Each structure stands twice: as structure tokens, then as C-alpha cells.
1. Can you find a residue that is outside the structural domain of A:E121 (by TED's automatic domain parsing) and outside any loop (DSSP other than H, G, I, E, B) anywhere in segment A:457-471?
2. Suppose we filter A:T298, A:T288 for residues that are in contact (Cβ under 8 Å) with a residue 24 or more places away in the chain and closer than 26 Å to A:D466 by Cα; which single one remains?
3. So which residues in segment A:200-230 are within 11 Å of DNA strand B (Cβ to nearest atom), open to solvent by 30 Å² or more (accessible area, probe 1.4 Å) and within 30 Å of A:A179 (Cβ to Cβ), if there are any at all?
4. Given the criteria near DNA strand B (Cβ under 8 Å from one of its atoms) and basic (K, R), does A:K95 qualify?
5. May I ask you to list the residues in segment A:284-317 that are in a helix (DSSP H, G or I), among the small types (G, A, S) and surrounded by 17 or more Cβ atoms within 10 Å (Cβ to Cβ)?
6. For segment A:1-33, name all the residues that are in contact (Cβ under 8 Å) with a residue 40 or more places away in the chain and away from DNA strand B (no atom under 13 Å from the Cβ).
7. Going by what's in this entry, would A:T438 be described as surrounded by fewer than 18 Cβ atoms within 10 Å (Cβ to Cβ), outside any helix (DSSP H, G or I) and not assigned by TED's automatic domain parsing to the domain that holds A:G278?
Amino acid sequence: MTVTVLMVAEKPILAESIAKILSNGKLQSRKGFNGACSVHEYSDNFLGKPARFKVTSTCGHVFGLDFPPKYNNWDRVDPVDLFSCATEKKEANPKLKMEKYLSTEAKGCDYLVLWLDCDKEGENICFEVIDCVQNSMNRGASMDVVFRAHFSAIADKEIKAAMKNLIKPNLNESLSVDARQELDLRVGCAFTRYQTRYFQDKYGDLDSTCISFGPCQTPTLSFCVKRHDQIVEFTPEPYWILQTTIDTPSGKTIKLDWSRERIFDRDVANVFLSRITGCSAVKLTSITSKESRKEKPTALNTVELLRVCSSSLGIGPAQAMQVAEHLYTHGYISYPRTETTAYPSSFDFNFVLKQLKNGQFDTVSQQIMNDGIQKPKSGEDKGDHPPITPMKENSGHLSGDQLRVYDYVTRHFLATIMKPCKYMVSTFKFTASTEVFTLQSRKVIDPGFTAVMTWQQVNEDESFSDFKEGAEYNIQKSQLDERKTSPPDYLTESELITLMERYGIGTDASIPVHIQNISARNYVTVESGRRLIPTKLGIALIHGYRKIDPELILPTMRSEIETLLNLIASGKQKHSTVTSHALEMFRQKFKFFVLNVAKIDALFEDSFTSLADSGKPFCRCGKCKRFMKLVQARPQRLYCPTCQETLTLPTGKDGSVRLHGEHKCPLDNFDLLYWAASGGKLSDSWSFCPFCYNNPPFEDMKKGSGCNNCTHPTCKHGMM
DNA sequence: GCAAGGTC
């Protein structure tokens, strides 16, 4: 009897590769009903029985974590409740109908083999897949019929070995991901909602539709602000260098480098100057030559691609990933999300070189094949995907950013299998009195990989071949130059990526998102040279957190959470113990933040225009201190944001609003109370305070007098 | 509307 085995990978491309390898290329493929995934079928044996294999995939996580709908009303939910309220799993991408798709494909299957990526996220997706298929498999999805393939690379040998050594999915690793999701959700949303509401409509020039906080984005912003602070706090220090010029044999004038480089004490510098002023010439005491080399790069992974795109091509990380995805889906480059910088042992360099034969790299790839492929640098195999390499030549269809990224990927690939760049450095040592000066010249012996990575070329300096050892050369001029130390420049995107990688903030796939976030939320702007300059808002926030609780912005915050989560993954602590401990810790931090938030207010007051100077109507009831909202066109209608009931205020014959309106909300335990200014005629634009509903006549607002008789007891809920 | 992590 033939059994049916369902095998599930993390992405469509992997399902295809695995099926091709295990079926030795004999497979039938069809598109799945969700349009994104495919099913690849073949026959073989499984557990000693003849078997039909169906290989398909998810597209990353099937589910994501969120709050139940009733907790998504920012006006009705106290953010502190987000630390303890219920959470629920929702389909990560409803368009893909992934749950339905997997359960449909699982119908009639006897066994499940999980081929998800071999990291904690992959382990978590294993259990998401099990959830999806357990009701439609022949005998459910108990651990007797569920297996996990553990592979360290997507290569023939590894995949076949994994199939022969199936294990079970790791529940603890999956639970550690559940814990991360819960922590990130509760902490991020609680802080974000609270501070958004707190700062909203309080300052004249603050655009505050969303003031977010997150365990990755906030430390990311903090790096940018830290550099800003270093620049602002920098005090330039004067220093002195001894500038000495000599006459060369060929009659030119040349500047020598002083071996003491620079001196920070003027008197000391003057002592050295006085030693030289007595000399009319320097003596060339030695000429030494040494071969030097510039090493070629290791194979390309995602983070390095992002760095180069930003620093050399001026393409931001999010845009770079989008371009790389396009190049990948159109067959120009290999899978662009990988941490691996080592080529698999089976990598066919000749095949790739032949693919490039008819394009602009024809000559160089031909030459590499003739000269022999040089062994690439060792790099690191993270077991995900091979490094990013070109897959075919540019047939002339690429242009703009696509062409530039493709061009870089190709040059990087070629460079990894070329020779290092070798050059000769000649050092000329001159002495005069006690002082030593040098000159250096470089001469390229073999350009090696810099023939394709032209921006890395060694600059050949002027040749000093007419200098003779032992000869003396006239000093033309010797003087002290006063200079000042200068502050560092703003952080570049590429430096930020390096810092994030070093501190484990975000992943190769999420780093671009975090950087995009801090820009979209108006915390930084991207300036020339893709330098990240923090805005007033970004600076005030980070300085504020630093005043209240510096741990909130520590670069190590993320990795410390990871350390806690790893206790779950390694089985040393229970999921519930770690989660409740970490949540309680952040709940305390949150409460402390709320108690001390006025410290940030003080910074905002320094950075932004006050209400009074803004020229916009604001509430003067004495408690709200916020802008009033302007209601256009239908001023006489109000509605309750809790139960959505609308209320039309009665108007007199002359169109003026005379009466107080009252609304008893059946869904909430307090009543909304409205009143209109007596006798005030409502114009088309009419303002009210979203916190206490204070709504003086518009005419009065324009005069700036406001209304001072607000008595509303709750000052809590907003109205539209 | 909010986080961060997968992936299309």
C-alpha cells in the first residue's frame, strides 16, 4: 500500500529545490490555489513503504500575534492593560489563505515532514503548519507521524542526508519565539499608544500621528542620536604639525610627512621647529620596499549588499532589498536573503562564469576561466542559502537601480574568485637634526580583483625613482601649521547597519524595516551621503528615555531579551516563567515611565513651539492643554466614539445653538456631556477639545480668548 | 493606527 507524505518548506523556492534534489529531477509540479505556492510530487519510499511525496511550502509565518479587536480601540483601553490582556493568533497574510491551503493539501496525507528553515523562527513555523494540517491528515498530526528535517545547507548532499536522518520539531525553540512575539507586541504597543496619546496635540510644530517605541527601532534611533550628541558636545582641540617641503632632483617641490604626525602642545611643537630651522637640507637615510596586498572580499551576503548599496550606490536598504528581490524573481541573481558568506563545496563557479559569457563581463569571466579560478576566502556557512551571486548575464533589459545592483553583485562575485591585489610600497626616510620625515610611493604589481572592483584600486603615487639613498635635498620651507581636531560626521546608514549587526538588533530581513521606520516616523532624515540626522523629535525622545530609564534605549537591550528567550529555547526555563518575569519587568518600567513622563515634556517644551505661540485654537480649561479639533461642514452633528450614536444639537430659528446636549452611552460607564456655547452661531469650521469637549464659539477662538469654564469630570475620551 | 519576525 502506498502512503502519502506531505513535506512543507518555508518558501516556494525551497520547496522546489528540495523536491528536485530528492526526486533526482523526476517530479510533477502544479500551482497551489493561493497563487503563491506550488506543489511538487514524486514517488519514492518512506519508512520502508512505497510513498507518494508532495512537497510544498508556506510563505514565512502563517500566523501573527495581535490583540483581540476590542483592545484595539486606543481611546477605550488603558495601555497598561496591554501587558495582561488576551492575545490571539491571526493569519499573517490573509490574502494567501495559507491555513486553508495547507489543510487542503494535507487531505489524505499519512505523514508530515517539516522542511522549515533551521532556526528558531523556522521551528515556530513548524508548529503553525502542524496546527493547520492536523484536522485534515488521515491520522491527525500526532508526533508519531510528524518529522523534522534538519539541514545545514541547501545542497544535494545535505538535503539527502537530512531526509535519511529525520528528527522531531523542537517545541522549546518554538516556544521561545512565541514568547518573543508576545513581549514585542505587548511592550511595543503599550509604550507606543501611551506616548502617542500623551504628546499628541500638545505642541505647535510636532507631527505626532504615531510616536512609536520598539525594542529594535528605539535602540536603532539611539545610535543616530548618540552620534549627534558627540557632534554637538565636541570641543575642537588645536594641534600643530611640522610642514616641511623640499626640492626634488627633478626640480619639483614636495611635502614630507613628519614621523611625529601631530603635537597638541604649542611650546613642544616650537621646540621641534627650532631644531629644523637650523638645517638647510634633509638627508635621505634609507629606502625600503615592501610588497603589500589588498585582500579580496568574502562572498556576498545580504547585510554586506545593503551596506554597499547604501554607501557606494546611494540606494537605501529597503529600496535595495526591493531591487534585489526583483533581480531574483527575474532570474538575474540568486536568493538575496542570506547570512552565509561561504560558497558550498559543490558550487559550480564555471557554470556561473559561462552564464556571464555574452554580457559586459564576457572578457573578464573568460580570463578567469583561462587563468584558473582562485580559491575564495573561507567565509561562514550559516546553513541558510548560498551567497548572493549572478545567475545570468544582463541581456540589456536592466537599467537604473536594477542595473547598478546587478552590476555590483556580479563584480563582487567575480572578485571573490580572483587574486588579491598586490602592490609595492616604497618608503623613503629622511632625517634632519633629530627629526624624521617620510615619503611613500605605491606601485601596483598585480591589480587582481581590483580589475573588477575598480573603486578599490590602489592609487599609484608619483614615482620617486630619482631619489638616491645618502643624498641631501634642500629644505625649501619648514613651518608649524596650526589645525583643529574636528568632530565625527553623522552616522551613515552603512555604519548603522554594522552597529545593528554587531549588537544583534534586527535580522538581515528586518534591518531595512527598522531603518525605514525611524525615518517614516520622522525621528531621522536621510541627508547627503545617506547620513542619518536625527530630528528634534528623535533627539527629544532619546534624551527623554535617557532621563527616565536609560535601559529603554541601551543597544544591548535586544540581546538581553534574546538571552532570556534562549533559556526557553534550551529548555532551562519554562515559557510561562520567562514570559511573566519579562512582562512584569517591562510593566514596571512602563509604570515608571508614565510617572516620570513629564521629564520628557520638559525637553519637548524646549524643542517645539508652545500651544500659545502656535496660532491654532487650543483648550484653555486648565487641564487639557491641547489643540482643539476643527470639525468641518456639519458642525451641529456629534457622535459618540464608544457606541457610534450620533446626536444632532438643537438649533434656534436663527441657526444658533442654544441647548446643552447629553448622551448616556449604553456601552460605557460614564456619560458624554456636550454643550454648545449659548447663543454662539456655528460657522462651517467649529472647534472642540477632544479631551473635555470644550467647544467655545469659533469667533471667540479666532480672537484667542478661548473658554475657561470647562467642568467636565473625565477629560478622557475623544470625539470626532 | 501600535512591535518584530517570517516572506511574495
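1. Filtering segment A:457-471 for residues outside the structural domain of A:E121 (by TED's automatic domain parsing) gives A:457-471.
Subset that is outside any loop (DSSP other than H, G, I, E, B): none.
No - not one qualifying residue is present in segment A:457-471.
2. On the way: A:T298 fails: closer than 26 Å to A:D466 by Cα.
The unique qualifying residue is A:T288.
3. Just the residues of segment A:200-230 that are within 11 Å of DNA strand B (Cβ to nearest atom), to begin with: A:200-201, A:208-221.
Among the residues that remain, those that are also open to solvent by 30 Å² or more (accessible area, probe 1.4 Å) are: A:200-201, A:209-210.
Selection gives A:C210 alone.
4. Details: near DNA strand B (Cβ under 8 Å from one of its atoms): yes; basic (K, R): yes.
Spelling it out, A:K95 is indeed near DNA strand B (Cβ under 8 Å from one of its atoms) and basic (K, R).
5. Residues of segment A:284-317 that are in a helix (DSSP H, G or I), as a first pass: A:302-311, A:317.
Within this subset, residues satisfying the condition of being among the small types (G, A, S) are A:310-311.
Answer for segment A:284-317, where residues must be in a helix (DSSP H, G or I), among the small types (G, A, S) and surrounded by 17 or more Cβ atoms within 10 Å (Cβ to Cβ): just A:S310.
6. In the first step, residues of segment A:1-33 are kept if they are in contact (Cβ under 8 Å) with a residue 40 or more places away in the chain; the result is A:1-15, A:17-18, A:21-22, A:32-33.
Within segment A:1-33, A:M1, A:T2, A:V3, A:T4, A:V5, A:L6, A:M7, A:I18, A:I21, A:L22, A:F33 qualify.
7. Values: surrounded by fewer than 18 Cβ atoms within 10 Å (Cβ to Cβ): yes; outside any helix (DSSP H, G or I): yes; not assigned by TED's automatic domain parsing to the domain that holds A:G278: no.
The answer is no for A:T438.
Per-residue answers, yes or no, for (1) in contact with a strand residue (DSSP E or B) (Cβ under 7 Å, 6 or more places away or on another chain); (2) surrounded by fewer than 16 Cβ atoms within 10 Å (Cβ to Cβ):
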| site | (1), (2) |
| --- | --- |
| A:N135 | no, yes |
| A:D144 | no, yes |
| A:R148 | yes, no |
| A:A153 | no, no |
| A:E158 | no, no |
| A:A161 | no, yes |
| A:N170 | no, no |
| A:V177 | no, no |
| A:L183 | no, no |
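The values are calculated or read from the model by the stated rules, or taken from the named source; none is laboratory data. All values derive from a computational prediction rather than experimental measurement. Using ideal geometry, Cβ is built from the backbone for each residue, glycine included, and neighbour counts are taken over all protein chains shown. To get the accessible areas, we keep the full protein, side chains included, count just its heavy atoms, and leave off ligands, DNA and RNA. Shrake-Rupley method; radii C 1.70, N 1.55, O 1.52, S 1.80 Å.
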